[in-house]
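Inspection log for the structure reproduced underneath, given as structure tokens.
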Amino acid sequence: MSSTTPSAAPSGAQVPPHGPRRWLGLLIAVAVVSAGVVYAVEDREQDARARPGAALTKPPTTQPNNGTKPPSKTAAAVAARRLAVDTILLRRAKAVRTVNEKMFLQDVDPANKKLRQEQKVLFANLVELGLDEIGYSQAEERFDQKAVRAHGASTYLVRVLMRYQIHEVDLVPVTTELGYTFVHRGGRWIMADDNDLDDELGPGAHQEAWDLGRFEVHRGPRVLVLVDKGDTQRGRSIVTEATEALGEVTAYWPRKWHGSVLIAALDDSDVRDARFNDEDVESAASAGSTFSSLPGQDTADGTVAGAYIVVNPKERDRVDEILLSHEITHVATADLGSYEPLWLAEGAAEYVSWRGIEAISGPGEVGKWEQEVIDDALPLLSALPTDQGFYNNNADVYGVSWLAVRFLVKRLGLAAVEDLYEDLARHGTDQAARDRILLTRTGFTEATLWIYLKDYEPQR
Ligand SMILES: [Zn+2]
């Protein structure tokens, strides 16, 4: 039984599906991207040792030159390549801003029909998204023998940062990464491929909604929904459900959040860092972070800007405000920092979601479910669910997390629990910090909170 299908689900009640993997995704991203950066630096050092003068980060004009010794040919070639690729990337961004498909395709290999077709789809998607800002920049060169074999000796594989801001969705510009392959042909540099580096990038890279098939965009106030081209009815209905859900989050979670929600409900099981084909992930949707600075870019953890929701394609017909209010709670707290423990993150999302159910079906259903969590789920655990293994836990960790939040709300009031959440999300960077914040704000440690929870008798 998966963690997403509580065994004690009351018959007939709508059990909110869950959106795990938010932190899991983030942790993997930190690990992988950090490793990627280390690799890149080592690679670059080796490269520099192997080819003196090929210091990729320094154009020849910045190298010592006393007038007697001209820059080496290699350095000049590297600088020329860097400039050519920078120019291509600038043109690419300008093409999107000025809605000029011809310009967007100008530097794409004319002989590669498949790539050109994919780039056309990408261009159309980017234009339709409505971007306030878009820019591409070269990070570092990467080497891949396969790419060289495929594209020839001039192959230049580079990690690229795409910085963008979707109108009324991203509160600040955010960054995603890509890997582009360029080759020198016919006296100029052209883009020969866009996926040679995909396996080495962080999770979700080159797997953004716009990197996939052609989508259509549905907008509501503070809601933007992406569905496959032609899936219009679904797009409209998700806007309606998301608008209701946003209302619930506003009503039941006290943080004043004025952001918007992006929901991708595409016929694809791998969108961003959501991997719904993994056998141990049975969530109906997930909320994955966006970054104003990627993990490994300026800091190991990166800077979380917000989150986008991705719906499991197999669950697309079941998207309702109950599912979405859970996910939107994650979105509405994402930019705080995401250092809060998972029992609090998932417990708060469940809290909001169940408040919505309570508003619709009255307190009976919720009370019944709460008692079942106490009777059936609680005895199977010996402590609050830990972050480690949270999403693979066979016990109903969502139910117990929800119970812990219900308990804290009864005890301290909702406003204090929200303050606790904010403090932990911003500052709970390690267990010692979490313990200190929890104790200061509630009088409990995780251990004593668990003891009280075991004796919790909800008032009916
Ligand atoms: Zn969740």
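Among (1) outside any helix (DSSP H, G or I); (2) closer than 25 Å to Tyr452 by Cα, which single condition is Ile309 missing?
Only one criterion in (1) outside any helix (DSSP H, G or I); (2) closer than 25 Å to Tyr452 by Cα is unmet by Ile309, namely (2).
Take Ser289 and tell me if it is of a type in the set (S, T, N, Q), open to solvent by 10 Å² or more (accessible area, probe 1.4 Å) and within 16 Å of the ligand (Cβ to nearest atom).
Considered against the rule, which asks whether it is of a type in the set (S, T, N, Q), open to solvent by 10 Å² or more (accessible area, probe 1.4 Å) and within 16 Å of the ligand (Cβ to nearest atom), Ser289 comes out as yes.
Take Thr386 and tell me if it is surrounded by 18 or more Cβ atoms within 10 Å (Cβ to Cβ), at negative phi and modelled with pLDDT of 90 or more.
no
Could you check region 92-208 for strands (runs of 3 or more DSSP E) lying wholly inside it with 2 or more residues that are among the polar types (S, T, N, Q)?
Answer list for region 92-208: 131-142, 174-185.
Every residue in region 416-460 that is among the small types (Gly, Ala, Ser) and under 27 Å from the mean Cα position of the chain (by Cα), please.
Those that are among the small types (Gly, Ala, Ser) and under 27 Å from the mean Cα position of the chain (by Cα): Ala425, Gly428, Ala432, Ala433.
Matching residues to (1) over 20 Å from Ala334 (Cα atoms); (2) open to solvent by less than 50 Å² (accessible area, probe 1.4 Å); (3) not β-branched (Val, Ile, Thr):
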residue: Val239; (1), (2), (3): yes, yes, no
residue: Thr243; (1), (2), (3): no, no, no
residue: Glu248; (1), (2), (3): no, yes, yes
residue: Trp253; (1), (2), (3): no, yes, yes
residue: Ser260; (1), (2), (3): no, yes, yes
residue: Ala274; (1), (2), (3): no, yes, yes
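Residues are listed down the side, and each one gets a yes or a no for (1) part of a loop (DSSP other than H, G, I, E, B); (2) within 16 Å of the ligand (Cβ to nearest atom); (3) outside the structural domain of Asp198 (by TED's automatic domain parsing):
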| site | (1), (2), (3) |
| --- | --- |
| Val227 | no, no, yes |
| Glu241 | no, no, yes |
| Ala245 | no, yes, yes |
| Val249 | no, yes, yes |
| Pro254 | yes, no, yes |
| Leu262 | no, no, yes |
| Ser283 | yes, yes, yes |
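Go through region 375-391 and report how many residues are in contact with a Ser or Thr (Cβ under 7 Å, 6 or more places away or on another chain) and over 14 Å from Leu453 (Cα atoms).
1
Test Thr429 against the criterion of being part of a helix (DSSP H, G or I), away from the ligand (no atom under 16 Å from the Cβ) and among the hydroxyl-bearing types (Ser, Thr, Tyr), and give yes or no.
Criteria not met by Thr429.
Spot the failing condition for Lys229; the list is (1) within 14 Å of Val121 (Cβ to Cβ); (2) buried (at least 19 other Cβ atoms within 10 Å of the Cβ), and only one is missed.
Tallying (1) within 14 Å of Val121 (Cβ to Cβ); (2) buried (at least 19 other Cβ atoms within 10 Å of the Cβ), Lys229 fails exactly one: (2).
So if I check each of Thr333, Thr303, which one is more than 13 Å from the chain's Cα centre (by Cα) and not aliphatic (A, V, I, L, M)?
None of the other options fit; the residue is Thr333.
Within region 290-303, how many residues turn out to be in contact with a Phe, Trp or Tyr (Cβ under 9 Å, 6 or more places away or on another chain) and either at pLDDT 95 or above or charged (D, E, K, R) (or both)?
So the count comes out to 2.
In the set Glu346, Glu370, Glu327, which member is buried (at least 18 other Cβ atoms within 10 Å of the Cβ), among the acidic types (Asp, Glu), assigned by TED's automatic domain parsing to the domain that holds Phe407 and within 13 Å of the ligand (Cβ to nearest atom)?
The conditions single out Glu346.
Filter region 292-324 down to residues that are among the aliphatic types (A, V, I, L, M) and away from the ligand (no atom under 16 Å from the Cβ) and give me whichever is most open to solvent (accessible area, probe 1.4 Å).
Among those that are among the aliphatic types (A, V, I, L, M) and away from the ligand (no atom under 16 Å from the Cβ), it is Ala300.
Here's a check for you: in region 389-423, which residue that is out of contact with any helix residue (DSSP H, G or I) (no Cβ under 8 Å at 6 or more places or on another chain) and outside any helix (DSSP H, G or I) is most open to solvent (accessible area, probe 1.4 Å)?
Out of the qualifying residues, it is Asn394.
What is the number of the single condition among (1) touching a residue at least 40 places away in the same chain (Cβ under 8 Å); (2) closer than 19 Å to Met162 by Cβ; (3) open to solvent by 30 Å² or more (accessible area, probe 1.4 Å) that Asp199 does not meet?
With (1) touching a residue at least 40 places away in the same chain (Cβ under 8 Å); (2) closer than 19 Å to Met162 by Cβ; (3) open to solvent by 30 Å² or more (accessible area, probe 1.4 Å) applied to Asp199, the lone miss is (1).
The values are calculated or read from the model by the stated rules, or taken from the named source; none is laboratory data. Just so it is clear, the model here is predicted, and its values are computed rather than measured. All Cβ positions, even for glycine, are placed from backbone atoms using ideal geometry, and neighbour counts span all protein chains on display. Areas reflect the complete protein model, heavy atoms only, side chains present, ligands, DNA and RNA absent. Shrake-Rupley method; radii C 1.70, N 1.55, O 1.52, S 1.80 Å.
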